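The values are calculated or read from the model by the stated rules, or taken from the named source; none is laboratory data. Given the structure is predicted, the values throughout are model-derived calculations rather than measurements. Glycine also receives a Cβ, built like all others from the backbone with ideal geometry; neighbour counts cover every protein chain displayed.
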Amino acid sequence: MIDEEVHFVRAVEERFRALRERPLILSPEDLARVVAWHRRGLPLFLVLDTLEEVFREAAERRPPRRPRSLAYCEPAIEEAERSWREALVGRREGSPPAIDAATLARRAEPQLAASAAPRGLAAGVLERLVRDAGGGLPAERVAALQRELVDGCAATLSLDERLALEQDVERLVAPYAGGMPAEVRERTRVALRDRLLRRRFRLPDLTLLALAEGPLPAPGRTPPES
């Protein structure tokens, strides 16, 4: 393995170990998965963020679960990769496909209602989605609404809460920061900060809702444990 690949594998292994809360070494099968993710060009922050989400959702199941293998996480990684690549293609082409606003509003409404976002903020975002429901939304518009949700919730935090959030972000970045270019490190910080805020306020990810195909899965539905 080249140095960059070794760093990627170690970072994923360390994060998986921390989430499992027990010592482990990646199995040959899981090692092959991680190497394949790196060779397909997946950014490290995308893999780490998705692992965090998979473990959070597994812990919220009844009964709770703790994935034993990266095979359990692989479908979510592949879905995150698909969404990420679609976003990249849209940026390169300069005219990303419009997202159906009515579908997004329908999907987002129950999740916004169940979130801990300030009522006025959640209602305002939904109102703009409904207002635009007669046509398509550019991907940039969806990203801007997501940014508004996250930043609006962050603004309600006290100074001590904001400092604690930044400390959590730095703690999560620290194991991987040494080998990251500065631009990647900052994107990783932003992605982690957003993830922690989404978790704290139970915010939907509007971008993923917009890119999802077909009906949303029933709450708690996940692949069989591997």
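Quick check on this structure: which one of Glu79, Glu86 is within 22 Å of Leu197 (Cα to Cα), under 16 Å from the mean Cα position of the chain (by Cα) and at pLDDT below 85? Spell out how you get there, then give the answer.
Values: Glu86 fails: within 22 Å of Leu197 (Cα to Cα).
After applying the criteria, what remains is Glu79.
If the requirement is being within 21 Å of Pro181 (Cβ to Cβ) and either β-branched (Val, Ile, Thr) or in the same structural domain as Val190 (by TED's automatic domain parsing) (or both), which of these qualifies: Val47, Val54? It would help to see each step written out before you state the result.
Working: Val54 fails: within 21 Å of Pro181 (Cβ to Cβ).
After ruling out the rest, the residue left standing is Val47.
Report, by residue number, each residue of the range 21-45 that is part of a helix (DSSP H, G or I), free of Cβ contacts under 8 Å to residues at least 60 places away in the same chain and surrounded by 14 or more Cβ atoms within 10 Å (Cβ to Cβ). Talk me through it step by step, then tell me what you get.
First pass over the range 21-45, keeping only residues part of a helix (DSSP H, G or I): 28-39, 44-45.
The next check asks that each one be free of Cβ contacts under 8 Å to residues at least 60 places away in the same chain; those that pass are 28-39.
Selection gives Asp30, Leu31, Arg33, Val34, Val35, Trp37, His38.
Counting the residues of the range 1-32 that are within 15 Å of Ile77 (Cβ to Cβ) and touching a Ser or Thr at 6+ places or on another chain (Cβ under 9 Å) gives 2.
For the range 136-152, residues that are at pLDDT 90 or above and touching a Leu at 6+ places or on another chain (Cβ under 7 Å) total 3.
Contact map, the range 113-124: first residue without any contact (Cβ under 8 Å) to a residue 60 or more places away in the chain, second residue surrounded by fewer than 16 Cβ atoms within 10 Å (Cβ to Cβ), Cβ cut-off under 7 Å, separation 6 or more or different chains; pairs are Pro118/Thr156.
Out of the range 158-171, which residues are exposed (fewer than 15 other Cβ atoms within 10 Å of the Cβ) and either within 20 Å of Ser115 (Cβ to Cβ) or of a type in the set (D, E, K, R) (or both)?
Taking the range 158-171 as the starting set, the residues that turn out to be exposed (fewer than 15 other Cβ atoms within 10 Å of the Cβ) are 158-164, 166-168, 170-171.
The answer is Ser158, Asp160, Glu161, Arg162, Glu166, Asp168, Glu170, Arg171.
Taking the listed residues Ala105, Ala133, Ala174, Ala155, the one that is surrounded by fewer than 13 Cβ atoms within 10 Å (Cβ to Cβ), farther than 20 Å from Arg187 by Cβ and either at pLDDT below 80 or aliphatic (A, V, I, L, M) (or both) is Ala155, with no other qualifying.
Kindly establish whether Arg65 is part of a loop (DSSP other than H, G, I, E, B) and surrounded by 15 or more Cβ atoms within 10 Å (Cβ to Cβ).
Numbers: part of a loop (DSSP other than H, G, I, E, B): yes; surrounded by 15 or more Cβ atoms within 10 Å (Cβ to Cβ): yes.
Against the criterion (part of a loop (DSSP other than H, G, I, E, B) and surrounded by 15 or more Cβ atoms within 10 Å (Cβ to Cβ)), Arg65 qualifies.
Of all residues in the range 184-222, those satisfying the criterion of being of a type in the set (Asp, Glu) and at pLDDT 75 or above are Glu186, Asp194, Asp205.
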